[in-house]
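The next block holds one structure in the form of structure tokens; read it before the comments.
Just so it is clear, none of the values below were taken in a lab; they were calculated from the coordinates. As the structure is a computational prediction, the values presented were derived from the model and not from experiment. No Cβ is skipped: glycine too gets one built from the backbone with ideal geometry, and neighbour counts run over all protein chains shown.
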Amino acid sequence: MKYPIGIQSFDQIIEDGYVYVDKTDLVYSLVKEGKIYFLSRPRRFGKSLLVSTLKNYFLGRKELFKGLAIDELEKDWLEYAVFHIDFNGSNFLKGGTLENVIDSYISGWEKEYGIVEEEGTDRGIRFIRLLERVHLKTGRRVVVLIDEYDKPLLDVLDTGMEIDVDGNRMLLEEWNRGVLKGFYSVFKAADEHLQFVFLTGVTKFSQVSVFSGFNQPKDISMDGRYEALCGITGEELESYFVEPITEMSKLYSCDVSKMKQLLKRQYDGYHFSPRMVDVYNPFSLLNAFGSMMIQDYWFSSGTPTYLVRLLRHTNEDLDELTGRYYEPQEFVDYKADVEKPLPMIYQSGYLTIKDYNWEDNTFLLDFPNNEVKKGFVTVVASDYFKSAVEAGSWVREAVAALKKGDLERFRRLLTSFLSDIPYTMRRKENEREKERYFHYTFYLILRLVSVYTVYTEKEQSEGRVDCIVETDKYIYIFEFKLDGSADEALHQIEEKGYVRPYLDDSRKLYRIGVSFSSETGTVEDWKMVE
């Protein structure tokens, strides 16, 4: 099989014989049931391929769709003028780039259709006239497709970069937002000339006036009918990829069922609506099939630096954001005037929906899979701890120690890691802040090793367990004390009955009491009982 890794052109995928997961029945529903749409999905999730599919459909290229679902559905195959804007290919960290990109597109279209505009005409007016004249010339309304509409904002978000405007300094983020607002306002004035408009992006900026003046696009980001429009569902995995799964199972010396579990744990877990359809990350999955190896392809393809910047500014830590139920408005729209990183983290794909409560319309958010959890927490932890120890290598050693049941090595690794955190990080003004620092420190450390089953502060009938780590052969029940004793921690495990749910488990069970010093910032006392 040929895998379209890095190929986002629908025509190239079809003409060159790459595997294509057929989404054209959903494309047909889109174009027949509405006019102006917005779709938010994480990067490298197939948005550009979807835009390319729409482009080829509206260009009337019937031959490319032969044998696909839409071939049976569409009877007319009309040809439209398509204006496709792709912001992916530019870096918007320099003032003037955004205007140049938009002007370049408009100039190219004017030349293509033989339209001459007076020099100095506002770009918005030029685009409106272009749409109008092409409508009149072709006899059909036009199609506008905009891929990654928000990249000019994300590139400069929270960077503090400035631009000189008539002798005054202003944030480049604000300037780019104003340019986009002016450009997108065109769509309302040109509504009678538009057949179909489709915008994709990572985020939906709700309170930054980007879409003011725009005929409000229908946001299908959480529409259950289009949940599988991008990405690969479990059903599609079974239908299209039997061959590579079978090949991988042989290389990994396991049966096909186990291979599917490994792929699911690493790349599945995304949900985009209350219907909770499982969606795999297509970029990672195709890379895994192409190389016949399970690795962290998606996360290593780009570091979420803008998210790390946002987390530095918020009063909420990552542990306070994950594993909680939220109302939709709390995580769907990014509000640039408040420092709330949750919507950006969710829409960027680092958190996803894990459960839906129909009674109160709330959504449980957490990491989608192991690839994202390990990668994102590693980046956040490295930024938070500013430790001399490289987090990735430390995690590998810590996981190996837990897997082997070598608790003494895990203790030494933990002590060493904590000792390398700069003193300035743990220096807090009051007891509450000290406790919060240590709580968050161990949340991040345990999330780092949670390629195995890890529960932090798990609720039990008698109280909260600080941490439970489960591997194939071992169960570790940790209780932590700050400026206390290991004996106190062990006593709490015994008194609260944290062990009882595991008494019938065949795995070896350990109780570990750990005391940390707020002065030294590391392990002060450690005791374990098998």
For the range 79-87, does any single residue satisfy the condition of being touching a residue at least 40 places away in the same chain (Cβ under 8 Å), touching an Asp or Glu at 6+ places or on another chain (Cβ under 6 Å) and either closer than 20 Å to residue 146 by Cβ or surrounded by 13 or more Cβ atoms within 10 Å (Cβ to Cβ) (or both)?
yes
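Could you tell me which residue of the range 162-178 is nearest to residue 306 (Cα to Cα), considering only residues that are crowded, with 17+ Cβ neighbours inside 10 Å and hydrophobic (A, V, I, L, M, F, W, C)?
Among those that are crowded, with 17+ Cβ neighbours inside 10 Å and hydrophobic (A, V, I, L, M, F, W, C), it is 172.
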Residue that is assigned to a helix (DSSP H, G or I) and under 20 Å from residue 51 (Cα atoms), where the choices are 136, 180:
180
In the range 1-75, which helices (runs of 4 or more DSSP H) lie fully inside it and hold 3 or more residues that are under 25 Å from residue 271 (Cα atoms)?
24-33, 47-58
Report, by residue number, each residue of the range 246-278 that is touching a residue at least 40 places away in the same chain (Cβ under 8 Å), closer than 21 Å to residue 1 by Cα and either in contact with a Leu (Cβ under 6 Å, 6 or more places away or on another chain) or buried (at least 18 other Cβ atoms within 10 Å of the Cβ) (or both).
248, 267
Which of the residues spanning the range 27-71 are surrounded by fewer than 18 Cβ atoms within 10 Å (Cβ to Cβ) and over 24 Å from residue 140 (Cα atoms)?
66, 67, 69
When you go through 469, 523 one by one, which is the residue that is within 22 Å of residue 433 (Cα to Cα) and β-branched (Val, Ile, Thr)?
523
